[in-house]
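In what follows, a structure is listed as structure tokens, so that the remarks can point back to it.
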Amino acid sequence: MSEIPTWPDFLPGGLEASTLDARQGGFAGAAPEALPGRRGRGGVRGEAGGAGTAHSEGGAGGDMEDGVLKEGFLVKRGHIVHNWKVRWFILRQNTLLYYKLEGGQKVTPPKGQILLDGCTITCPCLEYENRPLLIKLKTRTSTEYFLEACSREERDAWAFEITGAIHAGQPGKVQQLHLLKNSFKLPPHISLHRIVDKMRDSSSGIRPCPNMEQGSTYKKTFIGSSLVDWLISNRFVANRLEAVTLASMLMEENFLRPVGARSTGAIRSGDLAEQFLDDSTALYTFAESYKKKTNPKEEISLSTMELSGTVVKQGFLAKQGHKRKNWKVRRFVLRKDPAFLHYYDPSKDENRPVGGFSLRGSLVSALEDNGVPTGVKGNVQGNLFKVITKDDTHYYIQASSKAERVEWIEAIKKLT
């Protein structure tokens, strides 16, 4: 099979991103500033997990004339100690700034900056097995930055905007990015046997594991979006559309098979490119290793039932703790059937919720934006809302914009 040039999966076709020259600043001191809304190139951008809201940023550390291209939460790996911390990122044409958070607010001046001076970007980056939503930026001096988003859609949106910022001084390439964003070109002479052999490689292939759907456990399976990421990372395809079509071909040739109602239902589609689902809830397996274990209802734990619902919405939100009343950013996941809201610690590698609650019988409402509302500790104000559960537990949550708060409230209300 002919070698296919690698470039980010959100960009189809053979445009190569050059390298990010990144340098970490050492800013100190700060006064807290309320979290701004998120936005992307060309105006307001929505995202999986939160609405984008245009915001005029007058912060430190960037060229104000260039304007803000995108801003929002990402999880960043530390340089010296490789721990993971949530930072608020602001992208400009020549700089990617990141800010520390205190009390649910971003602290200015910025904690550091990455100068966009001709660079490489890897997306998807599969170097961390437990963090599949990574972007890697590598500088001319081989300094590497790992940034994690809350969803595939948000990861790809960030990668697209960063790539555009890298090429900001080359209008032709920026125009080509936009023209080719949704193009499709399936590479010729693909050897399906070679792909499957590599997929089965014990060190670099797909790693099947138990997954759940609707209360049933399916052994030796993998999710659709993970296979798409793997095909792109291994240069078999150049973008997600090609990867979906290639995965559908693997099913047609009986190398793969769908598992569970979600993926099985998709194969009834007449369009080859729609038979495979680029989705974190669709399950697949190698054809001969299919094995299902159905758990009796009485043996299904509450946590299993909670996590078996369909994901409706997810994103980063700040939450007030119950004991210490301190504010921390968590990745929230809203599910239906059954209706639960879970939250995860983005600094941890394991993908297990650190808390959650049933939405049945719950109440959700926005809190006033003028001053600190009753029940909220610290100088935290703006874009707040409260969820009161059936057992009268109060959860105080902060979105990054008014529009995002409205979206979360409306989504939760539908499930109460």
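Report, ordered by the first and then the second residue, all pairs with beta carbons closer than 8 Å, sequence separation of six or more or different chains, a first member in the range 244-258 that is under 14 Å from VAL228 (Cβ atoms), and a second member that is modelled with pLDDT of 85 or more and open to solvent by 50 Å² or more (accessible area, probe 1.4 Å). Sorted first by the residue in the range 244-258, then by its partner, the pairs are MET251/ARG257. Can you find even one residue in the range 257-272 that is surrounded by fewer than 18 Cβ atoms within 10 Å (Cβ to Cβ), aliphatic (A, V, I, L, M) and over 23 Å from THR310 (Cβ atoms)? Yes, that holds for at least one residue. Taken over the range 328-352, the residue count meeting the criterion of being part of a strand (DSSP E or B) and open to solvent by 30 Å² or more (accessible area, probe 1.4 Å) is 4. Only a single criterion out of (1) of a type in the set (Val, Ile, Thr); (2) assigned to a strand (DSSP E or B); (3) at pLDDT below 95 is not satisfied by VAL376, namely (2). Has the range 215-224 got at least one residue that is within 19 Å of LEU126 (Cα to Cα), open to solvent by less than 40 Å² (accessible area, probe 1.4 Å) and free of Cβ contacts under 8 Å to residues at least 60 places away in the same chain? Looking for residues that are within 19 Å of LEU126 (Cα to Cα), open to solvent by less than 40 Å² (accessible area, probe 1.4 Å) and free of Cβ contacts under 8 Å to residues at least 60 places away in the same chain, one finds none in the range 215-224, hence no.
Applying a threshold of 6 Å to beta carbon distances and a minimum spacing of six or more residues, or different chains, the list of pairs starting in the range 364-390 at a residue that is closer than 20 Å to LEU101 by Cα and ending at one that is open to solvent by less than 40 Å² (accessible area, probe 1.4 Å) and modelled with pLDDT under 85 reads GLY378/GLY103; VAL380/GLY103; VAL380/GLY104. Would you check which residues across the range 105-147 are open to solvent by less than 10 Å² (accessible area, probe 1.4 Å) and small (Gly, Ala, Ser) and list them? Listed by number, the list holds a single entry, GLY112. Taken over the range 75-126, the criterion of being outside any strand (DSSP E or B), in contact with a strand residue (DSSP E or B) (Cβ under 9 Å, 6 or more places away or on another chain) and touching a residue at least 24 places away in the same chain (Cβ under 8 Å) is satisfied by HIS79, ASN83, ASN94, LYS100, GLY103, GLY104, PRO109, PRO110, LYS111, LEU116, CYS119, LEU126. Can we say SER347 is at pLDDT 80 or above and hydroxyl-bearing (Ser, Thr, Tyr)? Taking the combined requirement at face value, the residue satisfies it.
The values are calculated or read from the model by the stated rules, or taken from the named source; none is laboratory data. Note that the structure is a prediction, hence the values are computed from the model and not measured. Backbone-built Cβ (ideal geometry, glycine too); neighbour counts: all protein chains shown. The accessibility values were calculated without ligands, DNA or RNA, using every heavy atom of the protein model including side chains. Shrake-Rupley method; radii C 1.70, N 1.55, O 1.52, S 1.80 Å.
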